[in-house]
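Scroll down for the structure; my scribbles are underneath it.
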Amino acid sequence: MNSEIFNHRFFVNFRRYRFLLSQLVRRDIKIKYRRSVLGIFWSFLEPLLSMVVLTIIFSTLFKHTISNFPVYYLTGMLMYQFFAGGTNAAIRSIKSNSSIMKTIYVPKYMYSLSAILSNFVTFLLSMIVLFMIMLVTNAPFTIYIIFASLPILALLLLTIGLGLILATVNVFFRDIEHFYGVFLMLLMYAMPIFYPADIVPANFRFIQYYNPLYAVIQCCRSSFLYGTLYNPIHLLFAMGSGIVALLIGIAVFYRYQDRFILYV
Amino acid sequence: MKETVIKVENVGMEFNLSQEKVDNLKEYVIKFIKRELRFQPFWALKNVSFEVKKGDRLGIVGLNGAGKSTLLKLIAGVMKPTEGNITVKGKISPLLSLGAGFDPDYTGRENIFLNGAMLGYSKKFLESKFKGIVEFSELEEFIDVPLKNYSNGMRARLGFSIATSVQPEILILDEVLSVGDIKFQEKSYKKMESLIGGNVTLLFVSHSVDQVKKFCDKAIWLHKGQIMTHGSAEDVCDIYTEWTRKK
């Protein structure tokens, strides 16, 4: 029975193209930093510098409400940046690989998945910056940091799911790509990433309540900033949304993937 | 009775040739409401059925636009047919375009692994074949140079060496490939002959009737997406040549 499941076309194909997935992820990262003197080091330096800038600008403004602004900002921004970067890379993944797609058979989700995973790798690397800043600012190092892996997993599932949906839709309607950039900007400013959550008027709080991305950020802030266990409801909400997004993403992608080639 | 490795049943492939491409949502909605979503269907293949047995060498002849390349792409799995079914048993090596998926910023060495991975080779396999690929392509000196600094000939040589580094079960060929300068052309031609000569099932598209006769034992004549004749390579080629002469 078990072996039957693993002999399904999906698993056979996945095993065969596993090496391709790692190659594509590696290429994305290599090409991104090739010919820059600092190379992969930029994935630390970029969040670090933007944190410094934002800290200079906002920390005095929110001095009394946010106790450790650098860590507060970094937890929010790193999660947001992975989400934005991953979905944005996925949205273009089918279109930008169209010429290969027309000549060689490769499972098409490989292109979208590798685009997201390469962003995930740089995200994990930039987490080192967060730990460094936590050390410098005397943030509490507790066992709950390990618990942050669950909301991060939820974030990964959410990004893959949404990425697959967006990649599919973008093949048929190119507007999505441009519209999505605006949406991402709106999302960043609508969420308490660099301002405290309670300055948002009560009638706009729904943006925080019904936002799986913000639920992930809240969980991570509990783990990294406050050194406490997060509210399990937030985790459940994030994980649930992640799984639902992934299932819808897979279904939509599989339904339409055979038609990609006729439209790209 | 030999095993059937490729089975093509009532395959049809439809393309939409409508002039204006509706690829933004607003236009789509407006046209949908106004019922102006016109599609101009074009059947590149229609009702195509045939079987290929293990060890068969099947040639496909026909004019430009007859649907030959579409048929090969369908069998290679690059596209899915609109109608009908295609079943393939065994590993296909499609030599349809060399070096597809090369990354210009990558070095030759990196591209061997990237391109090999796209063809579905494992890391172990590529590592074991790496030396042979580099040697055959004669690019030892340039293997760590980014591909964008390669000449077209060098690129083709690398692509050819990667694609032919495996002994395929089913080989799909769009024209006999010979690339590079005269010296390498000879070498690649010999390599092709040895691949075709091995215990392989061959699907071969060519404009050259002589090559089809030379390499294939069976043949199909495609015309406007339909099979006109199907039989031994000699007969089909003769009928096809006769027909083109009359035209």
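Restricting region B:53-85 to residues that are in contact with a helix residue (DSSP H, G or I) (Cβ under 6 Å, 6 or more places away or on another chain) and within 14 Å of chain A (Cβ to nearest Cβ) leaves a set whose member that is nearest to B:Gly231 (Cα to Cα) is B:Pro81.
With respect to the conditions (1) within 14 Å of another protein chain (Cβ to nearest Cβ); (2) modelled with pLDDT under 90, A:Asn138 lacks only one, and its number is (1). Within region A:177-217, if we keep just the residues that are within 21 Å of A:Thr75 (Cα to Cα) and polar (S, T, N, Q), the residue that is surrounded by the most Cβ atoms within 10 Å (Cβ to Cβ) turns out to be A:Asn211. Scan region B:163-180 and give yes if some residue there is in a helix (DSSP H, G or I) and either surrounded by 16 or more Cβ atoms within 10 Å (Cβ to Cβ) or touching a strand residue (DSSP E or B) at 6+ places or on another chain (Cβ under 6 Å) (or both), otherwise no. Yes, because at least one residue in region B:163-180 is in a helix (DSSP H, G or I) and either surrounded by 16 or more Cβ atoms within 10 Å (Cβ to Cβ) or touching a strand residue (DSSP E or B) at 6+ places or on another chain (Cβ under 6 Å) (or both). Can you work out which of the residues in region A:93-130 that are among the polar types (S, T, N, Q) and under 12 Å from the mean Cα position of the chain (by Cα) is nearest to A:Leu162 (Cα to Cα)? Here the residue is A:Asn119. Is there a residue being under 25 Å from A:Leu262 (Cβ atoms) and of a type in the set (D, E, K, R) anywhere in region B:91-105? No: region B:91-105 contains no residue that is under 25 Å from A:Leu262 (Cβ atoms) and of a type in the set (D, E, K, R).
Answer with yes or no whether A:Arg255 is of a type in the set (Lys, Arg), more than 29 Å from A:Val53 (Cα to Cα) and either part of a helix (DSSP H, G or I) or modelled with pLDDT of 95 or more (or both).
Numbers: of a type in the set (Lys, Arg): yes; more than 29 Å from A:Val53 (Cα to Cα): yes; either part of a helix (DSSP H, G or I) or modelled with pLDDT of 95 or more (or both): yes.
Yes.
For region A:20-58, the set of residues classified as at pLDDT 80 or above, out of contact with any helix residue (DSSP H, G or I) (no Cβ under 9 Å at 6 or more places or on another chain) and more than 14 Å from chain B (Cβ to nearest Cβ) consists of A:Leu49, A:Val53, A:Ile56, A:Ile57, listed by residue number. With respect to the stated conditions, A:Phe179 fails to be free of Cβ contacts under 8 Å to residues at least 60 places away in the same chain, within 18 Å of the chain's Cα centre (by Cα) and more than 24 Å from A:Tyr226 (Cα to Cα). When A:Ser126, A:Ser114 are checked against the criterion of being within 14 Å of chain B (Cβ to nearest Cβ) and assigned to a helix (DSSP H, G or I), A:Ser114 stands alone in meeting it.
Do you know which of the residues in region A:174-213 that are hydroxyl-bearing (Ser, Thr, Tyr), farther than 20 Å from A:Gly161 by Cα and assigned to a helix (DSSP H, G or I) is farthest from the other protein chains (Cβ to nearest Cβ)? It would help to see each step written out before you state the result.
Initially, region A:174-213 is screened for residues hydroxyl-bearing (Ser, Thr, Tyr), giving A:180, A:189, A:195, A:209-210.
Applying the additional criterion that residues be farther than 20 Å from A:Gly161 by Cα yields A:189, A:195, A:209.
Cutting the leftovers down to assigned to a helix (DSSP H, G or I) gives us A:189, A:209.
Numbers: A:Tyr189: 25, A:Tyr209: 29 Å.
Of everything passing the filter in region A:174-213, A:Tyr209 is farthest from the other protein chains (Cβ to nearest Cβ).
Beta carbons closer than 7 Å, at least 6 apart along the sequence or on distinct chains, pair a first residue in region A:188-202 that is under 19 Å from A:Val71 (Cα atoms) with a second that is in a loop (DSSP other than H, G, I, E, B) and not aromatic (Phe, Trp, Tyr) for A:Met191/A:Asn211; A:Pro192/A:Val200; A:Pro196/A:Thr65; A:Pro196/A:Ile66. Among the residues of region B:94-109, the ones that are more than 9 Å from every other protein chain (Cβ to nearest Cβ), over 18 Å from B:Glu127 (Cα atoms) and surrounded by fewer than 18 Cβ atoms within 10 Å (Cβ to Cβ) come to 1 in all.
Quick check on my filter: what residues within region B:201-242 are in a helix (DSSP H, G or I) and either free of Cβ contacts under 8 Å to residues at least 12 places away in the same chain or among the charged types (D, E, K, R) (or both)?
Kept after step one, since they are in a helix (DSSP H, G or I), are these residues of region B:201-242: B:209-215, B:233-242.
Across region B:201-242, the qualifying residues are B:Asp210, B:Lys213, B:Lys214, B:Glu234, B:Asp235, B:Asp238, B:Glu242.
For A:Tyr17, state whether it is away from chain B (no Cβ under 14 Å), part of a helix (DSSP H, G or I) and not basic (Lys, Arg). No, not satisfied. Within the set B:His223, B:His207, the sole residue that is closer than 23 Å to B:Lys73 by Cβ and over 16 Å from the mean Cα position of the chain (by Cα) turns out to be B:His223.
One residue is enough: does region B:113-130 have a residue meeting the conditions within 12 Å of chain A (Cβ to nearest Cβ), outside any helix (DSSP H, G or I) and in contact with a Phe, Trp or Tyr (Cβ under 7 Å, 6 or more places away or on another chain)?
Taking region B:113-130 first, the residues within 12 Å of chain A (Cβ to nearest Cβ) are B:113-127.
Checking the rest, the ones that are also outside any helix (DSSP H, G or I) come to B:119-122.
Now restrict to residues that are in contact with a Phe, Trp or Tyr (Cβ under 7 Å, 6 or more places away or on another chain): B:120, B:122.
Yes: one or more hits.
The values are calculated or read from the model by the stated rules, or taken from the named source; none is laboratory data. On a predicted model such as this, the values are computed, not experimentally measured, just so you know. For neighbour counting, all protein chains shown are included, and Cβ atoms are generated from backbone atoms with ideal geometry for every residue, glycine included.
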